[in-house]
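Reading through the structure tokens given below for one structure.
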Amino acid sequence: MEDMMCGKLLGDGCLTKQNERKPRFQFTHALTDKGWSEHCFEGLSEFYPLAPPKYKRVIDSRVAQGFTECYVVQSRTSQELNTLYETWYPHGKKELPFAYIEQHFTERSLSWWYQDDGHLNQQNGLVKKIILSTDSFSPTENQFLIDFLNIKFGFNFSIDGQNRLVLYDQFQINYFLRLVTPYIHVSMTRKKPFQRNMRPIAKRSTIYLPEDLILEKPTSEINDQYEKLPILQELLQDHISFFKMATSVKSTIIHTKPYQIEIKESYKAQLIKLKLETGLNISQITNHCFRI
């Protein structure tokens with residue numbers, strides 16, 4: 001329960017309080033995101049006194065049709081919301097409660113936040129970056145989020161010119177999407193990556209391996225290692241452990257040596273599948289086979 005609210009308050013959710021009245025929780029989504037509004041309502045209404053999504057038409061001269069359409073979910077008052085308001089709005093304005101986030105933030109929080117305020121930048125079927133819109137947060141709050149996401153998941157987010165959190169590393173993007181995908185609602189499929197076809201592996205490939213791996217018969221020795229590909233695939237199911245393992249290798253500066261080899265046909269499909277699922281290149285996957 002707290003993890004969903006944590007993701008929602010990092011995203012489009014807010015607590016409003018008028019004069020001496022008690023606070024109310026609300027969130028608004030575009031007409032096209034009605035399904036997401038309903039899903040969030042269903043998830044949170046079990047714990048908070050929420051009214052179902054209500055259609056609203058707002059006059060807006062900035063758009064061609066002169067108005068926008070949306071769905072608004074608003075709550076009644078409750079003691080739980082009073083406590084949340086004191087935590088998130090200690091001075092009447094939203095301030096990220098670092099201790100609360102550290103205690104309650106989960107993979108589901110990340111997914112809800114991403115579906116509210118995240119953007120997937122894709123070009124030609126390749127994900128270029130993931131953006132979390134944090135432009136309303138202070139530099140100190142954004143630095144906390146960067147450090148927190150690094151400690152909890154190993155992500156290396158940076159801040160762009162619009163004060164947003166951005167993730168560029170292809171392997172980390174793949175890992176991010178593996179974490180959030182189980183919680184992505186059907187109405188938010190635009191925030192999943194497009195399926196793309198990977199180019200077939202050439203008859204002869206150049207594999208770059210650390211210099212400390214001394215190979216006398218590269219083609220046969222490397223192909224022998226590909227027998228471990230199913231083990232890598234199994235390790236990938238525990239994506240947190242796999243990410244930590246792979247990141248530790250990627251973060252190490254090593255000198256490599258190229259080997260021109262012919263990869264057996266029986267291994268090519270598995271290599272392509274792992275490459276798509278992890279964002280690792282074939283040399284990195286091969287290196288992991290040797291390290292297992």
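Please list 213-220, 75-82 highest first by mean number of surrounding beta-carbon atoms within 10 Å per residue.
Values: 213-220: 12.8, 75-82: 15.1.
Final packing ranking: 75-82, 213-220.
Among I201, T106, T181, whose Cα sits farthest toward the positive end of the charge dipole of the chain (+1 at Cβ of Lys/Arg, -1 at Cβ of Asp/Glu, about the Cα centre)?
Going by the charge dipole, the pick is I201.
Which of F105, F243, F67 ends up with the largest GNM mean-square fluctuation for the chain, with Cα atoms connected below 10 Å?
F67
Quick one: helix 79-88 against the long Cα principal axis of the chain, what's the angle to the nearest 10°, folded into 0 to 90?
Between the helix axis and the principal axis of the chain, the angle is about 60 degrees.
Using θ = phi - 60° and the Karplus form 6.51 cos²θ - 1.76 cosθ + 1.60, what ³J(HN,Hα) does each residue of region 163-178 get, whole Hz, x for Gly and Pro?
Each residue's phi maps through the Karplus curve to give 6, 10, 7, 10, 10, 10, 4, 4, 5, 5, 4, 4, 5, 3, 5, 5 Hz.
Under a point-charge model restricted to the Cβ atoms of Lys and Arg (+1) and Asp and Glu (-1), what is the dipole moment magnitude of region 114-197 relative to its Cα centre, in debye to the nearest 20? Before the final figure, lay out the partial values.
Details: 9 positive and 7 negative charges, 99 e Å.
With Lys and Arg at +1 and Asp and Glu at -1, about 480 debye.
Considering only protein heavy atoms, what per residue accessible area in square angstrom results for region 1-109 with a 1.4 angstrom probe?
Ligands and nucleic acids excluded, the figure is 56 Å² per residue.
Round to the nearest 10 and give me the degree value, 0 to 90, for the angle of helix 239-250's Cα axis relative to the longest principal axis of the chain.
60 degrees
Using a/c under 1.5 as the rounded threshold, could you call region 129-215 rounded, prolate or oblate? The axes a ≥ b ≥ c are square roots of the C-alpha gyration tensor eigenvalues, and prolate needs a/b larger than b/c, oblate otherwise.
Oblate, because a/c is 1.5 or more while a/b does not exceed b/c.
How large is the dipole of the chain about the Cα centre if only Lys and Arg carry +1 and Asp and Glu carry -1, each at its Cβ, rounded to the nearest 20 debye?
Dipole size: approximately 860 debye.
Taking the Cβ of L44 as the center, what net charge do the other residues with Cβ under 14 Å away carry, scoring Lys and Arg +1 and Asp and Glu -1?
Combined, the nearby Lys, Arg, Asp and Glu give -4.
Report the normalised scattering of the chain as log10 I(q)/I(0) at q = 0.08, 0.11, 0.14, 0.15 Å⁻¹, calculated by the Debye formula with identical scatterers on the alpha carbons.
For the chain, the Cα-only Debye profile gives -0.45, -0.76, -1.06, -1.16.
Under unit Cβ charges (Lys, Arg +1; Asp, Glu -1), what dipole magnitude, rounded to 20 debye, does region 1-140 have relative to its Cα centre?
The dipole of region 1-140 has a size of about 500 debye.
Using r as the Cβ-Cβ distance of K34 and N281, and R0 as 41 Å, what FRET efficiency do you calculate, to the nearest 0.05?
0.50
Per residue, what accessible area does region 127-237 have, given a 1.4 Å probe and all protein chains present, in Å²? Please list the in-between numbers first.
Details: 6060 Å² over 111 residues.
Ligands and nucleic acids excluded, the figure is 55 Å² per residue.
Could you look at the chain and say what percent of its accessible area is carbon and sulfur, using a 1.4 Å probe and all protein chains?
Taking all protein chains in place, the chain shows 50 percent carbon and sulfur surface.
Could the peptides 226-235, 281-290 be put in order, highest first, of the mean number of other beta-carbon atoms found within 10 Å of their residues?
281-290, 226-235
Divide the volume of the convex hull of the Cα atoms of region 1-79 by its number of residues and quote the answer in cubic angstrom per residue.
Enclosed volume per residue, from the Cα hull, is 107 Å³.
Can you work out ³J(HN,Hα) from phi for every residue in region 103-112, in order, using Karplus 6.51 cos²θ - 1.76 cosθ + 1.60 and θ = phi - 60°, giving whole Hz and x for Gly and Pro?
Those phi angles translate into 7, 10, 6, 10, 4, 5, 4, 4, 5, 5 Hz.
The values are calculated or read from the model by the stated rules, or taken from the named source; none is laboratory data. Predicted model, so just to flag it, every value in this text is computed and none were measured. So basically every Cβ, Gly included, is an ideal-geometry build from the backbone, and we count neighbours across all protein chains shown. What goes into the accessible areas is simple: the full protein's heavy atoms, side chains included, and nothing from ligands, DNA or RNA. Shrake-Rupley method; radii C 1.70, N 1.55, O 1.52, S 1.80 Å.
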